[in-house]
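Structure provided below as structure tokens; questions to follow.
Where a number appears in this text, it was derived from the coordinates with a stated rule and is not lab data. Because the structure is predicted, anything quoted here is derived from the model rather than measured. Note that each Cβ is placed from the backbone with ideal geometry, even for glycine, and that neighbours are counted across all protein chains shown.
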């Protein structure tokens, strides 16, 4: 059964569309349909861009020299494939750096606030949560610096630790 797209998520993720396209097209040429399917799959159906939203964005990005189009074959038929230009790759690198800096600060600020607001925890426990969030962000930064070959076993180790905790404490 296909999961319905969440219309409330469209506003939140809309700004990520260009960056996602730049990231995906910097790896290899990809079709517009593959881009839309990838977004839907990665967000587990929370965001399913329509052709009416995706293709105008792709055309604008091509006009702005962020991506280029080539004609290729896919599934036995001709299709347009998109790939990042040097300008697009430079913009992606700039935004990645900015996103890392901003996301760490936002995570540090929002997680303790959410715990305080949603779960009415004491100020002392909120401060402890801020400390934990700092450690989580440090670990994320460390792990993202690893090459894929080293990262995968590290991720498996972290998943095993949290899976064990979940089993010990019972899942809710």
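I need 96, 157 ordered by Cβ neighbour count within 10 Å, fewest first.
157, 96
For 134, 148, what's the fewest-to-most ordering of other Cβ within 10 Å of each Cβ?
148, 134
State the label only: which of [x] 1, 7, 11, 13, 16, 17, 14, 9, 6, 4, 1, 0, 0; [y] 1, 8, 16, 19, 18, 14, 9, 6, 4, 3, 2, 1, 0; [z] 1, 8, 13, 14, 12, 9, 6, 4, 4, 3, 3, 3, 3, 3, 3, 3, 2, 2, 1, 1, 0, 0 corresponds to P(r) over Cα pairs in 5 Å bins from 0, in percent computed from the shown model?
Working out P(r) over Cα pairs in 5 Å bins from 0, in percent from the coordinates points to [x].
Then there is this: Provide, for q = 0.11 Å⁻¹, the log10 of I(q)/I(0) from a solvent-free Debye sum over equal Cα point scatterers in the stretch 35-123.
Results for the stretch 35-123 at q = 0.11 Å⁻¹ read -0.54.
Also, I was wondering about something else. Please report the relative contact order for the stretch 46-172, taking Cα pairs under 8 Å with a sequence separation of at least 6, and give it as a percent rounded to a whole number.
11 percent
Shifting gears a bit: Which value in deg cm²/dmol, rounded to the nearest 500, describes the helix-derived mean residue ellipticity at 222 nm for the chain, given -39,500 (n - 2.57) per DSSP H run of n ≥ 4 and division by the residue count?
My calculation for the chain gives -23500 deg cm²/dmol from helical runs alone.
Which of the peptides 62-72, 25-35 is most tightly packed, and how do the rest follow, going by the mean number of other Cβ atoms within 10 Å of each residue?
The densest-packed peptide leads the list: 25-35, 62-72.
Compute the angle between helix 86-119 and the longest alpha-carbon principal axis of the chain, please, reported from 0 to 90 degrees and rounded to the nearest 10.
Once rounded, one gets 30 degrees.
Tell me, how many Å apart are the Cα centres for the stretch 105-124 and for the stretch 12-62?
32 Å
Among 110, 129, 165, what is the fewest-to-most ranking by other Cβ atoms within 10 Å?
Starting with the residue having the fewest Cβ neighbours, the order is 165, 110, 129.
Next question. If you count, for each residue, the other Cβ atoms within 10 Å and average over each peptide, how do 50-61, 112-123 line up from highest to lowest?
In decreasing order of mean packing, 50-61, 112-123 become 50-61, 112-123.
Could you work out the relative contact order of the stretch 7-84? I mean the mean sequence separation of Cα pairs under 8 Å and 6+ apart, divided by the number of residues, in percent.
Once normalised by length, the contact order is 35 percent.
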